[in-house]
Amino acid sequence: MILDFLEIGQIVGTHGIKGEMRVNPWCDTPDFFNNFKTLYFDKLGQNPVEVESCRPHGNIVLLKLDGIETVEQAISIKNKILYIKREDAKLEEGKYFVSELIGCKVIDADTGFEYGVLSDVSVTGANDVWHIKNSEKEYLIPAIPDVVVSTDVEKGIIEIHPLRGIFGDEN
């Protein structure tokens, strides 16, 4: 499902004394944060805040927001989730946000059999692993071109050709 606002990370601490914050990015790379001039403190976009500066620092992001001038102000918003406006995000063709994939029905591309819904995504070194859950069990499938045939987040459907044995006797 396409969402209007998506989680991008969480404020986890402060950096220095002038209101700069350490953010745990919930995106492929910390550099992705640099694409946004406005962030939001809520999933409805009702509390926007302007980005004064943003820079990757190892696996985190150092972020300075308008109106946060002291370490005390930064501490007061520690653990807050930050959101982006979906239409501000530019993704390559065939790339999706994890939050848009969660909840999609996973079906067999040939038979239409429904295996379950995508419930989680694990990031591994080689490829992502999708967690497919039904009423009985959770299955893990590699998110690779040989398995994932098509993804339509607007319709909430992912078509796959499962690897032999992943779903037991079901395929």
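The values are calculated or read from the model by the stated rules, or taken from the named source; none is laboratory data. All figures in this text were calculated on a predicted structure; none of them were measured in a lab. Cβ: placed from backbone, ideal geometry, glycine included. Neighbour counts: every protein chain shown.
On the given criteria, is residue 125 assigned to a loop (DSSP other than H, G, I, E, B) and touching a strand residue (DSSP E or B) at 6+ places or on another chain (Cβ under 9 Å)? It would help to see each step written out before you state the result.
Values: assigned to a loop (DSSP other than H, G, I, E, B): yes; touching a strand residue (DSSP E or B) at 6+ places or on another chain (Cβ under 9 Å): no.
No; evaluated as a whole, the condition is false for this residue.
If you check 42, 28 for being without any contact (Cβ under 8 Å) to a residue 12 or more places away in the chain and not aliphatic (A, V, I, L, M), only one passes: 28. Inspection of region 44-65 finds no residue satisfying the criterion of being within 17 Å of the chain's Cα centre (by Cα), in a loop (DSSP other than H, G, I, E, B) and over 27 Å from residue 12 (Cβ atoms). Please find, within region 129-171, the residue that is farthest from the chain's Cα centre (by Cα) out of those that are surrounded by 16 or more Cβ atoms within 10 Å (Cβ to Cβ) and at pLDDT below 90. Top of the filtered list is 171. Taking region 101-117 as the range and being among the hydroxyl-bearing types (Ser, Thr, Tyr) and either more than 25 Å from the chain's Cα centre (by Cα) or not in a strand (DSSP E or B) (or both) as the test, only 111 passes. Restricting 11, 60, 107, 77 to those that are assigned by TED's automatic domain parsing to the domain that holds residue 119 and either under 22 Å from residue 122 (Cβ atoms) or modelled with pLDDT of 95 or more (or both) reduces the list to 107.
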